[in-house]
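I have placed the structure first, in the form of structure tokens, so that the comments after it can refer back to it.
The values are calculated or read from the model by the stated rules, or taken from the named source; none is laboratory data. The model shown is predicted, which means the values in this text are computed figures rather than measured ones. Quick reminder, even Gly has a Cβ in these numbers, built from the backbone with ideal geometry, and neighbours come from all protein chains shown.
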Ligand code: SF4
Ligand code: SF4
């Protein structure tokens with residue numbers, strides 16, 4: 001059978017064998033957590049607690065009145081010892097609430113089951129999802145309740161659950177689908193009701209046969225949910241590519257999935273949504289793949305939000321060899337870090353360590369006009385021209401060539417025989433174009 005997919009993209013090595021067979025295990029309770037007040041798309045939260053307060057697990061500790069935001073909750077019980085800017089992924093500093101754990105994990109009274117799904121309205125579900133602080137766990141960290149509310153004049157007819165996990169090395173979603181398929185299907189049903197749709201597709205790359213089988217079995221009893229095996233190709237998990245592959249609809253340039261009646265959510269998000277209903281626990285932990293050849297015991301860990309990356313390394317028994325590079329996320333779309341003293345946030349799907357031999361230190365060569373970057377761009381752009389304009393500071397031309405439609409998947413840089421830093425240049429151009437538009 002020919003598997004569904006999209007045009008373009010790259011066949012990248014998967015490197016998933018380090019953790020694909022490792023069951024998810026609970027990481028030890030950290031001595032302290034650093035919970036950033038801005039770990040989502042939208043407005044930052046304001047602290048609802050002060051230094052010295054005692055907090056319980058699941059207690060809301062930050063929120064905002066802005067329409068686009070996501071509250072944050074205490075992942076551990078204990079004492080608030082600091083509220084100040086702390087470094088986060090990528091080097092920026094964000095005001096964070098530091099909680100010293102008392103080791104008791106006392107749960108807040110507000111954490112209780114929300115009742116049967118049949119008894120909850122669409123509005124109830126959206127409100128519960130908002131209050132649980134749930135955001136896209138695939139990395140984008142876009143508030144889920146906001147996504148579930150279509151703009152005036154638009155509506156959804158289809159939910160797509162993204163279980164493709166196309167980023168090399170990462171296996172957190174794969175293990176979730178293998179180990180908690182019933183929870184993933186329950187979360188899918190919640191999202192279907194909250195979005196007002198009667199059909200859902202769960203897309204999974206064919207290189208995860210156990211996950212496909214487990215999810216098919218769990219979905220059997222539920223009408224309207226179909227598991228769709230997809231070709232293993234990068235970036236299969238990008239929203240627009242997933243929509244094209246599964247329902248053959250093209251999201252217009254500059255448009256959103258809602259423009260073609262589709263809402264896309266990650267499978268980890270579906271599990272978190274289900275939990276917010278069945279136990280009432282807000283988003284205070286997530287599964288993180290900690291991997292790479294330097295790591296002694298690469299693992300899939302269930303981790304409290306706010307745990308430091310350095311604690312995760314300890315949890316994986318340290319390093320067998322010296323890491324030369326730390327990346328939050330995967331090698332294609334992840335962000336290189338300067339320190340391990342940064343916390344896990346809601347969007348942290350993985351932490352990858354690479355040795356010096358695995359990091360390319362070779363200088364880029366001139367473009368040889370081979371056209372491979374064009375052939376492989378899943379957004380049908382001309383990466384070589386956009387990056388050349390970006391490098392020359394000609395951002396208007398970069399914009400004319402569609403820089404803002406770039407999804408920063410990195411396929412062009414991966415495929416380029418001259419090792420040109422295409423995606424970095426395009427990313428820069430996008431930031432500059434966005435800044436100029438804001439100014440105007
Ligand atoms: S131009 Fe952007 S969308 Fe196209 S391959 Fe490069 S990074 Fe991906
Ligand atoms: S893949 Fe690299 S060398 Fe080939 S056209 Fe694109 S930028 Fe030039």
Those residues of segment 384-417 which are closer than 29 Å to residue 358 by Cβ, within 14 Å of ligand 1 (Cβ to nearest atom) and not in a helix (DSSP H, G or I) amount to 406, 407, 408, 409, 410, 416
(Q) Criterion first (more than 29 Å from residue 18 (Cα to Cα) and at pLDDT 95 or above) does residue 191 satisfy it? (A) yes
Of the residues in segment 138-153 that are at pLDDT below 95 and within 13 Å of the chain's Cα centre (by Cα), the one that is nearest to residue 40 (Cα to Cα) is 141
When residue 375 is run through (1) outside any loop (DSSP other than H, G, I, E, B); (2) closer than 19 Å to residue 254 by Cα; (3) within 15 Å of ligand 2 (Cβ to nearest atom), the failure sits at (2)
Picking from 186, 201, 156, the residue that is assigned to a strand (DSSP E or B), closer than 30 Å to residue 121 by Cβ, over 17 Å from the mean Cα position of the chain (by Cα) and touching a residue at least 12 places away in the same chain (Cβ under 8 Å) would be 201
Taking segment 418-437 and the residues there that are farther than 23 Å from residue 331 by Cβ and crowded, with 16+ Cβ neighbours inside 10 Å, the one that is nearest to ligand 1 (Cβ to nearest atom) would be 433
The residue that is nearest to residue 48 (Cα to Cα), considering only those in segment 62-85 that are surrounded by fewer than 20 Cβ atoms within 10 Å (Cβ to Cβ) and touching a residue at least 24 places away in the same chain (Cβ under 8 Å), is 83
Of the candidates 210, 239, the one satisfying the condition of being touching a residue at least 12 places away in the same chain (Cβ under 8 Å) and more than 20 Å from the chain's Cα centre (by Cα) is 210
#### Entry: residue 342 being outside the structural domain of residue 270 (by TED's automatic domain parsing), away from ligand 2 (no atom under 16 Å from the Cβ), at pLDDT 95 or above and in contact with a helix residue (DSSP H, G or I) (Cβ under 7 Å, 6 or more places away or on another chain)
yes
Exactly one of 261, 292, 318, 334 is at positive phi, buried (at least 21 other Cβ atoms within 10 Å of the Cβ) and in contact with a strand residue (DSSP E or B) (Cβ under 9 Å, 6 or more places away or on another chain), and that one is 292
